[in-house]
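Beneath this line is the structure, given in structure tokens, with notes to follow.
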């Protein structure tokens, strides 16, 4: 076989591994070590009265297709779980916040507790029931 | 239902066909095929529904499927097609000018992007967009 055939096979194999890893991590809500050290978020990013409940802080952009799915998942939760608010933040317009909050990919969803701290974060579209369970946990904490 | 957006399965279908095209580009070393794909990306950057892949999907594939549960904004797809255009143009230029290594490298990157999009639904625009914006440095919004 020609060298280029091996190259194509190697590229497809590497991309398959990358794709499987990507899928395994996509949308998983996790606790970030960096967020545990981070001071509470500035009030400018949070809606008034944020301390009354949990805020789903959703970093989005016009070029991001899955951001719309995240929006739908969050809207669904907000309607059925009192005390939860969903706030969309345009990443382009808030590049300083993107940098300070260590956001590299879109969509990123931050679950912010009553104290203004990031309790969980995820990149991608979270599973509806996992998001509900996690937000309920954060509200009870 | 919003009927102005894209059926999200259309771009996935197009990405699968694009994957096949780049496999053939790499196996044959055809700069002309890379150039043809660049033209298709250019059409897609303008309107993803008007590419040959989009037309095949709309007229031959979509009528056999259930209507889409939701439609998506064409802006992200157009952005991705523009990125694809840059890679396909460089690959074509490489092959056609004799800089074959350059052609192979860019065709391989384009293959990875199309493969991950088509088979895993990975939105490369979403992955790379913020990284590019951040690496550009300045905090204020700039013309993208």
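For chain B, set up a Gaussian network in which alpha carbons nearer than 10 Å are linked by springs, and say which option among B:75, B:42, B:34 fluctuates the most.
Looking only at B:75, B:42, B:34, the biggest GNM fluctuation is shown by B:75.
Quick one: pull the percentage of alpha-carbon pairs in the protein assembly as shown with a separation above 33 Å.
Tail fraction, whole percent: 30.
Rounded to the nearest 0.05, what FRET efficiency do residue B:119 and residue B:24 give with R0 = 22 Å and r taken as the Cβ-Cβ distance? Could you check?
Using R0 = 22 Å, I get an efficiency of 0.85.
Of all beta bridges DSSP finds with both residues in the protein assembly as shown, what is the antiparallel percent, to the nearest 5?
Expressed as a percentage, antiparallel bridges in the protein assembly as shown total about 65.
Hey, how many Å between the Cα centroid of the range A:83-118 and the Cα centroid of the range B:101-129?
Taking the Cα centre of the range B:101-129 as reference, the centre of the range A:83-118 is 27 Å away.
Take the alpha carbon gyration tensor of chain B, find the square roots of its eigenvalues, order them as a ≥ b ≥ c, and report rounded if a/c is under 1.5; if not, report prolate when a/b exceeds b/c, else oblate.
Note, shape of chain B comes out oblate.
Checking a compactness column here: for the range A:30-128, what do you get for Rg(Cα) / (2.2 N^0.38 Å), N being the number of residues?
Compactness ratio reported: 0.99.
Per residue of A:52-64, what is the mean number of Cβ atoms on other protein chains within 10 angstrom of that residue's Cβ?
If you average over the peptide's residues, the count of other-chain Cβ atoms is 3.
Determine the shape class of the range B:20-66: with a ≥ b ≥ c the square roots of the Cα gyration tensor eigenvalues, call it rounded for a/c under 1.5, and otherwise prolate if a/b is greater than b/c, oblate otherwise.
Here the range B:20-66 falls in the oblate category.
So for the pair residue B:62, residue A:127, with labels modelled 7 Å out along Cα→Cβ, what separation do we get in nm?
3.2
Helix A:3-25 sits at what angle to the longest principal axis of chain A, using alpha carbons and giving 0 to 90 degrees rounded to 10?
The two axes meet at around 20 degrees.
Assign one of three labels to the range B:61-104, namely rounded, prolate or oblate, based on the Cα gyration tensor with a ≥ b ≥ c the square roots of its eigenvalues; rounded applies when a/c is under 1.5, prolate when it is not and a/b is larger than b/c, and oblate otherwise.
prolate
With both partners inside chain A, how many of the DSSP beta bridges are antiparallel, as a percent to the nearest 5?
60
Go ahead and run the numbers for FRET between residue A:62 and residue A:5, Cβ-Cβ distance against an R0 of 45 Å, rounding to 0.05.
Calculated transfer efficiency: 0.65.
Please report B:112, B:77, A:98 as a ranked list, fewest other C-beta atoms within 10 angstrom at the top and most at the bottom.
Lowest count first: B:112, A:98, B:77.
Would you compute, from DSSP H runs of 4+ residues alone, the mean residue ellipticity of chain B at 222 nm, taking -39500 (n - 2.57) per run and dividing by the full residue count, rounded to the nearest 500?
-22500 deg cm²/dmol
May I ask you to derive the FRET efficiency for residue A:96 and residue A:31 from their Cβ-Cβ distance with R0 = 25 Å, giving the value to the nearest 0.05?
Calculated value: 0.55.
Extending each Cα 7 Å along its Cβ direction at residue B:97 and residue A:24, get the distance between those two points in nm, one decimal.
Here the modelled spin labels are 4.1 nm apart.
For n ≥ 4 DSSP H runs only, could you compute -39500 (n - 2.57) per run for chain A, divide by its residues and tell me the 222 nm figure to the nearest 500?
It lands at -14000 deg cm²/dmol.
On a 0 to 90° scale, report how tilted helix A:66-80 is relative to the longest principal axis of chain A, with both axes built from alpha carbons and the result rounded to the nearest 10.
Around 30 degrees separate the two axes.
Counting other beta carbons within 10 Å of each Cβ, put B:97, A:61, A:100, A:129 in order, fewest first.
By the 10 Å Cβ count, ascending, the order reads A:129, B:97, A:100, A:61.
FYI, it's all coordinate maths here, none of it is from the lab. What you see is a predicted model, and the numbers here were worked out from it, not measured in a lab. Cβ sites come from the backbone with ideal geometry, for glycine too, and all protein chains shown count toward neighbours.
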